[in-house]
Amino acid sequence: MNASLLEIPTPLWRALCLELRCRGRGENESGAFLLAKPGSVRVERILYYDDLDETALDSGIITFHAPGFVRLWDYCGREGFRVVADVHTHPTEWTGQSWSDQIHPMIAIAGHIALILPNYAQHDVDTLHGVGIYEYLGDHKWRKHLPATKNSPIKLL
């Protein structure tokens, strides 16, 4: 089974990558949630972890706390969005899932997509080249997708 295709407008993808680069300052992981309207596969909004949880980036790695999730769900309910993916950066070119990434999915719902950007988002922001793409299957199991294949769940528009 393939994950549902998510469409991300290229200008939004560029803005996301550049903002993650700025927020991480080349020395910390940073991240965000990607939002779409119910029934849609097109990403329309981005909510950054540290806007929802001001301490999320303080330790150099992502530690997202319960009050941030409350703010996320409040925003989604109020504005009529759903979370379709999350994205975070890693310090090197390695975009595999860490042990922590695997056992602590940001959204533990089957079909959720997690993206990992290399080098604190210091990469080519016009493509998905080098991006780790993972589909959550439930029960702490994941499926890795290759970004440039027909079965990739992510498409830049």
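Derivation of every value follows stated rules applied to the coordinates shown; laboratory data play no part. All of these numbers come straight from a predicted model, not from anything done at the bench. Positions of Cβ are generated from backbone atoms using ideal geometry, with glycine treated the same way; all protein chains shown enter the neighbour counts.
Among His140, His123, what is the fewest-to-most ranking by other Cβ atoms within 10 Å? Let's see the in-between values first.
Working: His140 11, His123 19.
Least to most surrounded, the residues fall as His140, His123.
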Which loop-located GluC sites (Glu not before Pro) does the range 53-149 contain, where loop means any DSSP state but H, G, I, E or B and the Cβ has at most 11 other Cβ atoms within 10 Å?
Glu93
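What trypsin sites (Lys or Arg not before Pro) does the range 9-59 have in DSSP loop regions with at most 11 other beta carbons within 10 Å? Display every interim value, and only then the final one.
Numbers: sites: Arg14, Arg21, Arg23, Arg25, Arg42, Arg45; in loops: Arg25.
Within the range 9-59, the qualifying trypsin sites (Lys or Arg not before Pro) (loop, at most 11 other Cβ atoms within 10 Å) are Arg25.
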Any lysines whose Cα falls less than 22 Å from that of Lys37, other than same-chain ones fewer than 8 residues away, would be Lys155
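Only sites in a loop by DSSP and with at most 10 other Cβ atoms within 10 Å count here; which trypsin sites (Lys or Arg not before Pro) in the range 121-154 make the cut? List each step's numbers first, then the result.
Values: sites: Lys141, Arg143, Lys144, Lys150; in loops: Lys150.
Sparse-neighbourhood loop trypsin sites (Lys or Arg not before Pro): Lys150.
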Let me know the Rg and Dmax you get for the chain when you use only its Cα atoms, in Å.
14.2, 38
Need the full-extension length gain, Asn151 to Phe69, defined as separation in residues times 0.36 nm minus the C-alpha distance. One decimal, nm.
26.5 nm
Expressed in nanometres to one decimal, the distance between label points 7 Å along Cα→Cβ at Asp126 and Trp94 is 3.1
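For the chain, what does the helix formula give at 222 nm: sum of -39500 (n - 2.57) over DSSP H segments with n ≥ 4, over the residue count, nearest 500 deg cm²/dmol? Before the final figure, lay out each step's value.
Working: 4 runs with 38 residues, N = 157.
Theoretical 222 nm ellipticity from helices: -7000 deg cm²/dmol.
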How far apart, in nm, are two points set 7 Å out from the Cα along the Cα-to-Cβ line at His140 and at Ser40?
3.6
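Please work out how much length the chain gains when fully extended from Cys22 to Ile103, using 0.36 nm per residue of separation minus the C-alpha to C-alpha distance, in nm with one decimal. If you can, show how the numbers build up before the last one.
On the way: separation 81, 0.36 × 81 = 29.16 nm, distance 2.75 nm.
Taking Cys22 through Ile103 to full extension adds about 26.4 nm, to one decimal.
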